[in-house]
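Chemist: Before I ask anything, here is the structure I am working with.
Just so it is clear, none of the values below were taken in a lab; they were calculated from the coordinates. Values in this document were obtained by computation on a predicted structure and should not be read as measured data. Backbone-built Cβ (ideal geometry, glycine too); neighbour counts: all protein chains shown.
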Amino acid sequence: MTSPTFTTVLLVRHAQTGTTGKVLPGRAPGLHLSERGIAQADGVARRIAELTRQPVAIYVSPLERARETAAPIAKTLKLRPIRDRGLLECDFGLWTGKQLSALQKKPEWRAVQHSPSTFRFPEGESFTEMQLRMWTTLERLAHRHRNRTIVVVSHADPIKAAVTYAQGVPLDLFQRTVISTCSVSAIAFTGSTPVVLSVNSTGSLKELTPS
């Protein structure tokens, strides 16, 4: 009989940039952390360092804002960050870099918010594709580090999609979940049903254990 597993994946959203909440940055290069974001990254590194079960690996989206967030975590844990394209932000296609205030006036915005399973970004990715990409990446990484804890630094929508998938929430309702900058959400991969341990945590992680 196969022994049970309990692999904890800590999902960290990148820290704040100068455009957070203002534009849809997507995969555009050259976006760096703001001064506040740098402080947030240092803070989440300290919070993760408090865990009793220390992470054994850290994986990161290739985008600069994610790598800059991962750097202090990796330094604190004495680990080398590993880039993984499966953790990239959603490909927003022609919407990349557009002002959110302008996008919110588009008729398609209602689908983005209320029926995302039906929406594909013009010349970009669909939410369904993004969710599948993120979840299969997490499964692969969890399998690589069975019964250990790892850190994954990614972006709001991929993390939100993974957390809600683990909870069994339909994709069309995933926008009801908030993933703040430098928040930590945690999923345990058990070999059968995933267990969500934490969502959008911005406080201490010392008590991050299943009940």
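Chemist: With the cut-off at 22 Å, tell me which of the pairs LYS78/LYS160; LYS78/LYS206; LYS22/LYS105; LYS22/LYS106 have Cα atoms farther apart than that. Don't skip to the end; give the middle numbers.
Modeler: Numbers: LYS78/LYS160 28 Å; LYS78/LYS206 19 Å; LYS22/LYS105 14 Å; LYS22/LYS106 16 Å.
As for pairs spanning more than 22 Å Cα to Cα, those are LYS78/LYS160.
Chemist: While we're on this one: Work out, step by step, the length gained on full extension between THR193 and GLU139: first 0.36 nm times the residue separation, then minus their alpha carbon distance; give nm to one decimal. Could the numbers behind the result be given before it?
Modeler: Numbers: separation 54, 0.36 × 54 = 19.44 nm, distance 1.18 nm.
Residue separation times 0.36 nm, minus the Cα-Cα distance, leaves 18.3 nm.
Chemist: Could you rank the peptides 44-56, 11-23 by their average count of other C-beta atoms within 10 Å per residue, with the highest value first? Please list the in-between numbers first.
Modeler: Values: 44-56: 16.9, 11-23: 20.5.
The most tightly packed comes first, giving 11-23, 44-56.
Chemist: Quickly estimate the mean residue ellipticity at 222 nm for the chain, helices only: each DSSP H run with n ≥ 4 gives -39500 (n - 2.57), and the total goes over all residues, rounded to 500.
Modeler: Computed ellipticity for the chain at 222 nm equals -10000 deg cm²/dmol.
Chemist: Given SER154, LEU205, MET134, which one lies farthest toward the positive end of the charge dipole of the chain, if we put +1 on the Cβ of every Lys and Arg and -1 on the Cβ of every Asp and Glu?
Modeler: The Cα lying farthest towards the positive end belongs to LEU205.
Chemist: Could you work out the percent of alpha carbon pairs in the chain separated by over 33 Å, rounded to a whole number? Intermediate values should be presented prior to the final figure.
Modeler: Details: 2519 of 22155 pairs.
In whole percent, the share of Cα-Cα pairs in the chain beyond 33 Å is 11.
Chemist: A further question follows. Under 14 Å from the Cβ of ILE38, count the other residues' Cβ atoms, weight Lys and Arg +1, Asp and Glu -1, and hand me the total.
Modeler: Working: positive: ARG36, ARG46, ARG65, ARG67, LYS75; negative: GLU35, ASP42, GLU64, GLU68.
Computed value for this residue: +1.
Chemist: Using 0.36 nm times the number of residues separating SER180 and VAL56, minus their current alpha carbon distance, what extension gain do you get?
Modeler: Working it through step by step, the gained length comes to 42.2 nm.
Chemist: Which value, in debye to the nearest 20, gives the size of the charge dipole of segment 2-67 about its Cα centre, when Lys and Arg are +1 and Asp and Glu are -1 at the Cβ? Walk me through the numbers on the way to the answer.
Modeler: Values: 9 positive and 4 negative charges, 26 e Å.
For segment 2-67, the charge dipole is close to 120 debye.
Chemist: Compare the peptides 80-90, 29-39 by average per-residue count of other Cβ atoms within 10 angstrom and give them in order, highest first.
Modeler: Working: 80-90: 18.0, 29-39: 14.9.
Highest mean packing first, the order is 80-90, 29-39.
Chemist: For GLU123 and PHE6, compute 0.36 nm times the residue count separating them, minus their Cα-Cα distance, and round to one decimal in nm. Write down the numbers at each step before the final one.
Modeler: Values: separation 117, 0.36 × 117 = 42.12 nm, distance 3.86 nm.
Extra length available between GLU123 and PHE6 comes to 38.3 nm.
Chemist: Calculate the dipole size of segment 7-201 relative to its Cα centre from +1 charges on Lys and Arg beta carbons and -1 charges on Asp and Glu beta carbons; express the result in debye to the nearest 20.
Modeler: Values: 26 positive and 15 negative charges, 79 e Å.
Its charge dipole is roughly 380 debye.
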